[in-house]
Amino acid sequence: MKKSFADAGKSAEKNGSRYVWVDIIRGFMILVVVMFHVPAWIEDAPGNFLLGRLINRFFTPYMMPMMMILSGFFIVRSVEKPLKEYYVGKFRSIVWPYLVWQTIYLLVLISLSGNIEEVRPFIKYWDPVSYLWYLFFLSLMLLGAPLLRFVSGFLFLALFVAGDILTASQDWVFISGGIKTFMFFGVMFSFGALFGKWYPKISGLFAGWVARAFVVVTFMIGSVTVFWRGSYDKSTLLWLLLTLIGFVSMVGVTVWIQDLPFFAPIAWLGKNSLVLYVTHLPAGMLLGHLGSTTGITSRMPNGVAFCMLTAILVGVGVLFVAMRRLRLIDALFVGPRLNWGAQRHSKIV
């Protein structure tokens, strides 16, 4: 009998617990996302901060593509829920924090500019693919994900791959983010759904000498983006394949190292990746403005300022996680419970 996405989803957790390697990957990627943005808030750093450029280029095939693949990975557990329960849950865990923090982002823009006219275009068009573009595109993926009940996951993947290739040379615009980006991350999401379905059957491959080989592959792909003279183009088949191979390699590496105690804090960050994702940019804008007006960061070596701001922004996220015991703070990250039986679900899925 053909195995459905729901049946596969039942084995997406071992003995009722989480896959630790998933949390480790998410933890690393959210740290890289924070580091990706930090140079923008260090005076004179964006153009000449070598360490920041190297980190960003090395992790270019990873970062948000990995997050989108893992979101697809976990969709196998939820697409066959009753539709009302499914959509209410996704609204509470994805759309709600998107709306809340998009509003906070606009308020921060207004407060820093001191002139509402400068940010009126953002308010008029809502700028849906601003720094929370990942949640915006993820919401679109989740909107159509229940179709996986009836349509092969391979067909979904093939359609997005075709769309990615067809739009490579077209100047089509999807809101302000580009339909090319939507197609690219559609490939990531649908690939993740297939990977989540089949992972229980292929998990044995991520062990022994194969895992060690994955270390080499992961490093090689990251190195290609560091030394590649061109740009990372989501619309080329080469980079599409490199990203997918990079994800599989990173899974192999992480499965190999997941039991080391050092990675427990990284896994904790991964469990709370949504909080760090939505809080880091507004907090960074405020801290960057403070550092610029007081001249603190300009008097520091770029490396010191980079490490300090990264640590502070991660600390802000950790503080918000700790404060989620307060109902008001928790409401910033998960929507109110409705009387439709939707269960609390506050991580990026």
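Mind sorting Arg327, Arg77, Arg92, Arg26 by how few other Cβ atoms lie within 10 Å of their own Cβ, fewest first? Intermediate values should be presented prior to the final figure.
Numbers: Arg327 8, Arg77 18, Arg92 21, Arg26 26.
By the 10 Å Cβ count, ascending: Arg327, Arg77, Arg92, Arg26.
Give a residue-ordered list of calculated ³J(HN,Hα) values for segment 271-279 (Karplus: 6.51 cos²θ - 1.76 cosθ + 1.60, θ = phi - 60°; whole Hz; x for Gly, Pro).
Per-residue couplings from phi come out as 4, 10, 4, 4, 4, 5, 5, 7, 8 Hz.
Explain nothing, just compute: Karplus ³J(HN,Hα) = 6.51 cos²θ - 1.76 cosθ + 1.60, θ = phi - 60°, for every residue of segment 237-253 in order, whole Hz, x for Gly and Pro.
Ordered by residue, 3J(HN,Hα) equals 4, 4, 5, 4, 5, 4, 5, 5, 5, x, 5, 4, 5, 5, 4, x, 5 Hz.
If every alpha-carbon in segment 234-279 counts as one equal scatterer, what log10 I(q)/I(0) does Debye give at q = 0.15, 0.19 1/Å?
Listed by q, the Debye log ratios stand at -0.59, -0.79.
Whole-Hz Karplus ³J(HN,Hα) for segment 303-315, in order, using 6.51 cos²θ - 1.76 cosθ + 1.60 and θ = phi - 60°, x for Gly and Pro?
Couplings: x, 5, 4, 4, 5, 5, 5, 4, 5, 5, 5, 5, x Hz.
What translational diffusion coefficient, to the nearest whole µm²/s, does segment 251-302 have by Stokes-Einstein, given a Kirkwood radius computed over alpha-carbon pairs, a temperature of 37 °C and 0.692 mPa s viscosity? Walk me through the numbers before you get to the answer.
On the way: Rh = 13.8 Å.
Answer from the Stokes-Einstein relation: 237 µm²/s.
Only counting other Cβ atoms within 10 Å, I'd like Leu83, Leu274, Leu194 sorted with the fewest neighbours first.
Leu83, Leu194, Leu274
Rank the residues Ile329, Ile266 as a footprinting-exposure proxy: fewest other Cβ atoms within 10 Å of their Cβ go first. Could you put the intermediate results ahead of the total?
Working: Ile329 15, Ile266 21.
Ranking Ile329, Ile266 by Cβ neighbours within 10 Å, fewest first, gives Ile329, Ile266.
Since every read-out is calculated from the coordinates, none of them should be taken as a lab result. Source: prediction; values computed, not measured. FYI the Cβ positions are ideal-geometry reconstructions off the backbone, even for glycines, and counts take in every protein chain you see.
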